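Trainee: Supplied in C-alpha cells, the structure appears directly below.
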Amino acid sequence: MTHPTRRTVLLLGVLGLLAGCGSDPQVPSAAVATASTTVSAVVTASVATVPAVRVTDAKGKGVKNVLVRWRITSGGGKVVNDSVRTTASGDATSGGWTLGTTAGQQTLQATADGISAVTFTAIANAGPLSRLTPISVVDQQATVNTTATSLPAVRAEDQYGNPVSGAAVVFTIVQGNGTLSGAQQSSNALGVAALGGWTIGTAIGQQIVTATAAGALPAIFSVNALAGPAVDLVKFVGDNQAGVANINIAIPPGVRVVDAYGNPVGNVPVTFTPGANSGTVTGGSIVTDPATGTAFVGSWRLGTASTQTLIATSSVIPNKSTTFTSTVTVSAFNVDVRFVGDASL
C-alpha cells in the first residue's frame, strides 16, 4: 500500500476547501411587494403606507445591491427615491409617494433589470370643496311667469377641478319674485347639483338665482324676464282735457299697452280714431315704445261738439279699447274781437 506524499495531501486539502467555500453568485429572479399595493389618499397628499419591495433570487433569498427604479406610470405625483439599491436583505423603498392632482386611479411601479415590475395602485380622492362651476346657461331670456328654459346646474370641484360628491348646494332667489322647487341638492358622483325648477316672477327685468355651498364662492344665474302677451291698453296721459274747437288739444292723448301683470309691452300697433263729431287726428297709427310700452297720437284737432272722444285700439288685443274725452269750451271762430278807438263800435 502506498501512502500519499505530504505535498499531495496539502493539494487535496486546498481543493477540498475551495470546493466547500465556492458558490454561484446570486441572480435576481423576482421582486415582491413588502407593503400594500393598494392605497388611497387625497390628491397631492402622501400615502400612509410607503411602497416597498424585496428582490429575491430563484430560491427566494434577498439579493443585495440591486438597483430598483421607482417610476410614476399614471396620475402624476412624485416619490422620494427615484432609484435606490437593495439592502443586504434585498429590500428597497420608495421613501414616500405623494399623489398627483388628478382624482381617480394613480399608479407607481418598481422595476429592476431582468425582473418583472411591481405595480402599486392608489385611489386619489378629491380635496375639499373649493368652487361651484356653472355647467348650464348662466344668462338667458324667458317670459314672465314661465319656467326657465335652462335650469341652473353646477359642478362642485376642489381646487384642482376634481368633482366633489356629497356637497350640500342651495339655490336661492336673490332678485325677482319667482319661485323655486328642489332648491336644496347634494352633488352626485360627478359633482353635479341641479335646481329642480324655476318659475320666473311676474316683473320684467333681470331676475337672479345663486347656487351656494360652504367653502365655495356662489355661482350666479340670471334671466332677463320679458313681458307677456299684450292684453290691455290703459290711459297714460291726455284724458279729460278742455280745448277749443278746430284747435289741436294741448296734450296729445297716450296709452300704455300692458301684459296680464301690468308690464309694458313694446312694438304693439295702436290706432287712435276720433269719435262721432270729434274732429280729426294726425299720426293716428303708431307702434308702442319698446321700453315703455307707450303710444301717443300725433295731434287731435277738436271738432265743434261740446263733448268729444278719441278711441285707442290695437289689432293684437281684440275687444279692447280705451276712450279719451275732451270738452270744447269755446269755438275758435266765434271770438268777439274789439279794437279800442274804433268809432263804429
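The values are calculated or read from the model by the stated rules, or taken from the named source; none is laboratory data. Everything numeric in this text was worked out from a predicted model, so none of it was measured. A quick note on method: Cβ atoms are made from the backbone with ideal geometry, for glycine too, and the neighbour counts reach across all protein chains shown. To get the accessible areas, we keep the full protein, side chains included, count just its heavy atoms, and leave off ligands, DNA and RNA. Shrake-Rupley method; radii C 1.70, N 1.55, O 1.52, S 1.80 Å.
Trainee: Taking only the alpha carbons of the chain, what extent do you get along each of the three principal axes, in Å, biggest first?
Mentor: Computed over the Cα atoms, the extents are 194, 42, 29 Å.
Trainee: Before rounding to the nearest 500, sum -39500 (n - 2.57) across all DSSP H runs of length at least 4 in the chain and divide by the residue total; then give [θ] at 222 nm in deg cm²/dmol. Each step should come with its number before you reach the end.
Mentor: On the way: 1 runs with 16 residues, N = 345.
Counting only the DSSP helices, I get -1500 deg cm²/dmol.
Trainee: Around THR143, which amide H atoms from residues at least 5 apart in sequence, or from another chain, sit under 5 Å from its own amide H, with H modelled in the peptide plane?
Mentor: Residues meeting the criterion, in which the H sits 1.01 Å from N, are LEU226.
Trainee: On to the next question. Which net charge results when you count Lys and Arg as +1 and Asp and Glu as -1 among the other residues whose beta-carbon is under 11 Å from that of PRO253?
Mentor: Working: positive: LYS235; negative: ASP239.
Surrounding charge for PRO253 is 0.
Trainee: Lysines within cross-link reach of LYS59: Cα-Cα under 23 Å, excluding same-chain residues under 8 positions apart?
Mentor: Candidates past the 8-residue exclusion: nothing left.
Trainee: In vacuo Debye scattering of the range 14-167, one point per C-alpha: log10 I(q)/I(0) at q = 0.15, 0.17, 0.20 Å⁻¹?
Mentor: Log10 of I(q)/I(0), two decimals: -0.81, -0.93, -1.11.
Trainee: Quick one: net charge around ARG71, please, counting Lys, Arg +1 and Asp, Glu -1 for every other residue with C-beta under 13 Å from its C-beta.
Mentor: Values: positive: ARG69, LYS78; negative: ASP82.
Counting the neighbours of ARG71, the net charge comes to +1.
Trainee: What is the sum of charges around ALA189, taking Lys and Arg as +1, Asp and Glu as -1, for the other residues whose C-beta is under 14 Å from the C-beta of ALA189? Mind dumping the intermediate values first?
Mentor: Numbers: positive: ARG155; negative: GLU157.
Once positives and negatives cancel, what remains is 0.
Trainee: Something else now. I'd like the carbon and sulfur percentage of the solvent accessible area for the range 245-336, probe radius 1.4 Å, heavy atoms only, ligands and nucleic acids excluded. If you can, show how the numbers build up before the last one.
Mentor: On the way: 2430 of 4470 Å².
Answer for the range 245-336 is 54 percent, counting heavy atoms of protein chains only.
Trainee: Another one. Find the accessible area per residue for the chain; the probe is 1.4 Å, ligands and nucleic acids are left out, and the unit is Å². Spell out each step's value before the answer.
Mentor: Details: 18560 Å² over 345 residues.
I get 54 Å² per residue for this part.
Trainee: If we sort 306-316, 56-66 on the protection proxy, mean other Cβ atoms within 10 Å, highest first, what's the order? Kindly include the intermediate steps, with their values, before the conclusion.
Mentor: Numbers: 306-316: 17.4, 56-66: 14.8.
The peptides rank, most packed first, as 306-316, 56-66.
Trainee: Turning to a different aspect of this structure: Using alpha carbon coordinates only, what is the Rg to Rh ratio of the range 120-165, with Rh defined as the Kirkwood radius? Show your work: numbers first, answer last.
Mentor: Values: Rg = 16.1 Å, Rh = 12.9 Å.
Answer for the range 120-165: 1.24.
Trainee: Using alpha carbons only, how many angstrom separate the centre of the range 210-239 from the centre of the range 262-296?
Mentor: 26
Trainee: What do the square roots of 5 times the Cα gyration tensor eigenvalues come to for the range 222-338, in whole Å, largest first, as semi-axes of the equivalent ellipsoid? Present the calculation step by step, with values, prior to reporting the outcome.
Mentor: Details: eigenvalues 210, 29, 21 Å².
Semi-axes from the Cα gyration tensor: 32, 12, 10 Å.
Trainee: Further question: Sequence neighbours fewer than 8 away in the same chain don't count; with that in mind, list the lysines whose C-alpha is under 20 Å from LYS64.
Mentor: The reachable lysines, counting only those whose Cα sits under 20 Å from LYS64, number zero.
Trainee: Turning to a different aspect of this structure: Quick check of the Kirkwood formula: for the range 162-241, what is the inverse mean of 1/r over all pairs of different Cα atoms, in Å? Don't jump to the answer; show the numbers that get you there.
Mentor: Numbers: mean 1/r = 0.0665 Å⁻¹.
Evaluated on the range 162-241, it is 15.0 Å.
Trainee: Computed from the mean reciprocal separation of all distinct C-alpha pairs, what Kirkwood hydrodynamic radius does the range 237-300 have, in Å? Walk me through the numbers before you get to the answer.
Mentor: On the way: mean 1/r = 0.0801 Å⁻¹.
Across the range 237-300, the inverse of the average 1/r is 12.5 Å.
Trainee: Still on this structure, I have one more. Along each principal axis of its Cα atoms, how long is the range 72-147 end to end? Whole angstroms, biggest number first, please.
Mentor: Each principal axis gives a Cα extent; for the range 72-147 these are 80, 23, 14 Å.
Trainee: Considering only protein heavy atoms and a probe of 1.4 Å, how much of the accessible area of the range 40-176 is carbon and sulfur, as a whole percent?
Mentor: C and S fraction of accessible area: 49 percent.
Trainee: Let me ask something additional. Report, by chain and number, residues whose modeled amide H sits under 5 Å from the one on VAL39, excluding near sequence neighbours (fewer than 5 apart, same chain).
Mentor: Residues meeting the criterion, in which the H sits 1.01 Å from N, are THR121, ALA122, ILE123.
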